[in-house]
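Below is one structure, written out as structure tokens; the observations come after it.
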Amino acid sequence: MGSMTEPAAVKTRRTPRPLDVDLGGAELRAICETMVLSRALDERMWLLNRQGRAHFTISCQGHEAAQVGTAAALRRGEDITLPYYRDLGVVLWMGMTPREVMLSFFARADDPNSGGRQMPNHWGHAGLRIISGSSPVGTQIPHAAGVALAAKIRHEPTVTAVYFGEGTTSEGDFHEGLNFAAIHRLPVIFVCENNGYAISVPRHKQMATATVAERAAAYGMPGIAVDGTDVLAVYRVMRRAVDRARSGQGPTLIDTRVHRFTPHSSDDDDRVYRPPEEVESARQQDPVEKFRRTLVQHDLLTTAQDHELRERVAAIVEDAVVFAEQSPLPAAADLTRHVFAESGRR
Amino acid sequence: MAIKTYREALNEALREEMRRDDRVLLLGEDIGVFEGAYKVTAGLLAEFGDRRVKDMPIAEAVIAGTAIGAAMLGLRPVAEMMTVNFLLLAMDMVVNHAAKLHYMFGGQTTVPLVIRTPGGGGHQLAAQHSQTLDVYFAHVPGLKVVAPATPADAKGLLKASIRDENPVIFLENLALYNTRGEVPDGEYLVPIGKAAISRPGNDLTIVGWSRTAPMALEAANRLAAAGIDAEVIDLRSLRPADWETVAASVRKTTRAIVVEEGWLSFGPGAEVVARIQDLAFDYLDAPVQRIAGAEVPAPYAKSLERVSLPSADDIVRAAQRMLPRRRAA
Ligand SMILES: Cc1ncc(C[n+]2csc(CCOP(=O)(O)OP(=O)(O)O)c2C)c(N)n1
Ligand SMILES: [Mg+2]
């Protein structure tokens, strides 16, 4: 957690604005902890990759508030998420354990996501109602519409949340999925993590509109742009969208403005297409640090609690790495397992 | 003549064709400042500008569709798909349109475009990034399907593809980009539809293309050390394919192994075997052997991926089975 420093505002405090959320101190601290944990796990994954101990990683860093802020408005075990490859914060909040995350990262046999078959960060966990992500971008959007359609047909109170980047909104799947969801007022929320880049390609080469949010009007659903570095702002917007969806009023498109602090993936060098100063200035809006500061200002996170939180997170990360790295690789004899369903019918 | 990588040879072909013909236009994701996911378009934005090197939105159907439209109006688009796996998102454009417009338009327009894209596995990129889908394209009349194995062919065949009046699916391979070889300077074209005899031999014919051609050559060199003299045929293109060169080789050697990276069932290897039995049945001394990838979605874990791909070892073992009296190393 090298990027964390003591909050500067502790000494010279003014009376802060009220937080204006329906969450208590324990819930707010849990959100904070998930954000800190997401960051810490992610930083460790980069380290392990650079040490040659893991083949590939792709990052949530800079997106944590958008991820945890939206997930926190969902019901665990009931609502369904279709995350994309950056959504470590979403899956941790929905209940995936750091050990499970690391089992997937190291492609171990016991990885609940895929038994080491799928790429890391392509989350899928049936027990947690997290639907397996894909490498071709955007395919989860029509899947989400289908999941929401099924929930509606079956009269389940389930809300579905689907995540993607802004570059992905160029694909037909985005437009076709939103259109269908709006026609049938499906209980689904489309969450765009809009970081301004698709690998090297800047936003203005993906769309002529200033925001992703304004496209919602074309399909007939609300489109809301929100500062994705402010976890409570994200939570409030998501909360309304979830209420809308659950009460049968249909889908919402949420456009969270975030920054990508890392290269696209461990295979990318972003220095060729964006100046390092751009990332440095984005780090001034570090969502994790910002939220810790807010909680401290509101006396919701004492110095002792903060300290304890960091120690706990460090221990959790260490445990997850050691546990997963020692666990066995998938056996070659299992190569063809899961190509077809084993029972033949359900 | 200089030693270059497969990647550099492709880059040289693009650069030379863009200099030669102002109608050549590049379309693709991250091909500008980023110079392509596999750096094949290095330096081309700098030299030709964004009028001719277009970073496209992430929309493969639009990339292919735009290329079709521009080709019909007289440009010669070369589209890069980041990987063949994502070309699946443009299959309607490729199969229903690029391949058929000339026919459906009664010959009034041609569709001279190239779609370049890498396939192949072995890089721990899992099920949706590692596929070999050659047969999907080779199956379709109206498409030419080219799959170079060497740096020289990468250059010569790409130049020929860009000059072809037909839509060409140009299949590159992730495992070949860094391979090196002699590449002729300047105007060097390899005709589409002519196989290469990569190594002459008398005991056995091994047929491959793209990545399995150098794999076959490696196996042949090992077999030579053990007294088996294999002939290696690199098909170079699947449609048109040079069946006559394959048949002539089999008539000489009387035995054949076909090696492909993709899945066995219904793959191009099955077509090669069928053509051999059409054209050289009476000459065969043994059933033709086939080697292919395991029939699974490509797994991520190295322990699984390793056993899912064909290898030179598999070829050597198959040759030993066919020629049991001469034991190979
Ligand atoms: C269909 C498809 N085309 C291209 C790619 C290659 N690719 C992977 S991620 C990516 C950029 C996605 O950008 P964005 O949607 O903005 O998400 P971000 O990575 O910025 O969070 C691209 C082009 C892909 N995975 N799938
Ligand atoms: Mg983006």
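Every number here is computed from the coordinates shown, using simple stated rules; none is lab data. The structure presented is a predicted model; accordingly, all values stated were derived computationally and were not measured. Glycine also receives a Cβ, built like all others from the backbone with ideal geometry; neighbour counts cover every protein chain displayed.
Other protein chain C-beta atoms within 10 Å of residue C-beta, averaged over B:292-299: 4. 3J(HN,Hα) along region B:3-9, derived from phi through the Karplus expression 6.51 cos²θ - 1.76 cosθ + 1.60 where θ = phi - 60°, amounts to 7, 9, 7, 4, 4, 5, 5 Hz, with x in place of Gly and Pro.
Within region B:1-17, which residues have the backbone N less than 12 Å from the label spot 7 Å out from B:Glu218 along Cα→beta-carbon, could you tell me? None, by backbone N distance to the label point. Of the chymotrypsin sites (Phe, Trp or Tyr not before Pro) found in region A:280-343, those that fall in a DSSP loop while having at most 15 other beta-carbon atoms within 10 Å are A:Phe340. For chain B, the residue among B:Val33, B:Ile276, B:Val78 whose Cα projects farthest onto the positive side of the dipole built from Cβ charges is B:Ile276. Modelled spin labels at B:Glu182 and A:His204, positioned 7 Å past Cα toward Cβ, are 5.0 nm from each other.
At a 10 Å Cβ-Cβ cut-off, how would you order A:His338, A:His122, fewest neighbours first? Before the final figure, lay out the partial values.
Working: A:His338 14, A:His122 22.
Result, fewest neighbours first: A:His338, A:His122.
Quick one: if you stick a label point 7 Å off each Cα along the C-beta vector at A:Ser343 and A:Asp22, how many nm between them? Here the modelled spin labels are 3.8 nm apart. In percent, rounded to a whole number, the relative contact order of chain A is 23, using alpha-carbon pairs under 8 Å and six or more apart. Between A:Arg76 and B:Asp50, the distance separating the two model label sites (each 7 Å from Cα on the Cα→Cβ line) works out to 4.6 nm. Divide the volume of the convex hull around the Cα atoms of chain A by the residue count and you get 144 Å³ per residue.
Students often check this: by mean Cβ neighbours within 10 Å, which of B:110-121, A:275-286, B:306-317 ranks highest, and how do the rest follow? If you can, show how the numbers build up before the last one.
Details: B:110-121: 25.0, A:275-286: 13.2, B:306-317: 18.2.
In decreasing order of mean packing, B:110-121, A:275-286, B:306-317 become B:110-121, B:306-317, A:275-286.
Among B:89-100, B:274-285, A:191-202, A:216-227, sorting by the average number of other beta carbon atoms lying within 10 angstrom of each residue, highest first, gives A:191-202, B:89-100, A:216-227, B:274-285. Under the combined filter of DSSP loop state and at most 14 neighbouring Cβ atoms within 10 Å, region B:104-192 retains these chymotrypsin sites (Phe, Trp or Tyr not before Pro): B:Phe105.
A:Glu156 to B:Tyr103: FRET efficiency via 1/(1 + (r/R0)^6), r the Cβ-Cβ distance, R0 41 Å, to the nearest 0.05?
Details: r = 50 Å, r/R0 = 1.21.
So, using R0 = 41 Å, E works out to roughly 0.25.
Annotation for region A:72-148 versus region B:160-211: alpha-carbon center distance of 41 Å. Spatial offset of region B:258-277 relative to region A:160-216 amounts to 42 Å, using the alpha carbon center of each. For region B:223-329, applying the loop criterion from DSSP together with a ceiling of 14 other beta carbons within 10 Å to the GluC sites (Glu not before Pro) yields B:Glu295. Computed from the C-beta positions of B:Arg321 and B:Glu295 and an R0 of 25 Å, the FRET efficiency is 0.75 to the nearest 0.05. Summing Cβ point charges (Lys, Arg +1; Asp, Glu -1) relative to the Cα centre of chain A gives a dipole of roughly 700 debye.
Report, in debye and to the nearest 20, how large the dipole of chain B comes out about its Cα centre when Lys and Arg carry +1 and Asp and Glu carry -1 on their Cβ.
540
For the residue pairs B:Lys39/B:Lys155; B:Lys155/B:Lys252; B:Lys39/B:Lys144; B:Lys100/B:Lys144; B:Lys39/B:Lys194, alpha carbon separations beyond 20 Å are given by B:Lys155/B:Lys252; B:Lys39/B:Lys144; B:Lys39/B:Lys194. Between A:Leu92, A:Ala54, A:Val68, the Cα set farthest toward the positive side of the dipole of region A:36-109 (charges on each charged residue's Cβ, about the Cα centre) is that of A:Ala54. The ranking of A:Arg129, A:Arg86, B:Arg251 by Cβ neighbour count inside 10 Å, starting from the fewest, reads B:Arg251, A:Arg129, A:Arg86. Here chain B was treated as a single set of alpha-carbon atoms; its pair distances binned every 20 Å from 0 give 33, 57, 11, 0 percent.
Averaged over its residues, how many other protein chain Cβ atoms are within 10 Å of peptide A:132-144's Cβ atoms?
Numbers: counts 0, 0, 2, 9, 9, 3, 3, 2, 0, 0, 0, 0, 0.
Mean partner-chain Cβ count within 10 Å for A:132-144: 2.
For the peptide B:26-34, the mean number of other protein chain Cβ atoms found within 10 angstrom of a residue's Cβ is 4. For the protein assembly as shown, a crude dipole built from +1 on the beta carbon of Lys and Arg and -1 on the beta carbon of Asp and Glu, taken about the Cα centre, is about 540 debye to the nearest 20.
Put in order of Cβ neighbour count within 10 Å, fewest first, the listed residues B:Thr83, B:Thr109 become B:Thr109, B:Thr83.
The gain in end-to-end length when the A:Asn179 to A:Arg50 segment is fully stretched comes to 42.2 nm, 0.36 nm per residue minus the alpha carbon separation. Think of region B:2-183 as having a plus end and a minus end, set by charges on the Cβ of Lys, Arg, Asp and Glu; of B:Leu88, B:Gly122, B:Gly43, B:Gly43 sits farthest toward the positive end of this dipole. With a cut-off of 19 Å, note down the residues of region A:85-103 whose backbone N falls inside the zone around a label point 7 Å from the Cα of A:Ile224 toward its beta carbon. It comes to A:90, nothing else.
If R0 is taken as 51 Å, the Cβ-Cβ distance between B:Asp313 and B:Asp21 corresponds to a FRET efficiency of 0.70. The alpha-carbon atoms of the protein assembly as shown, seen along their principal axes, cover 91, 56, 52 angstrom, with the largest extent given first.
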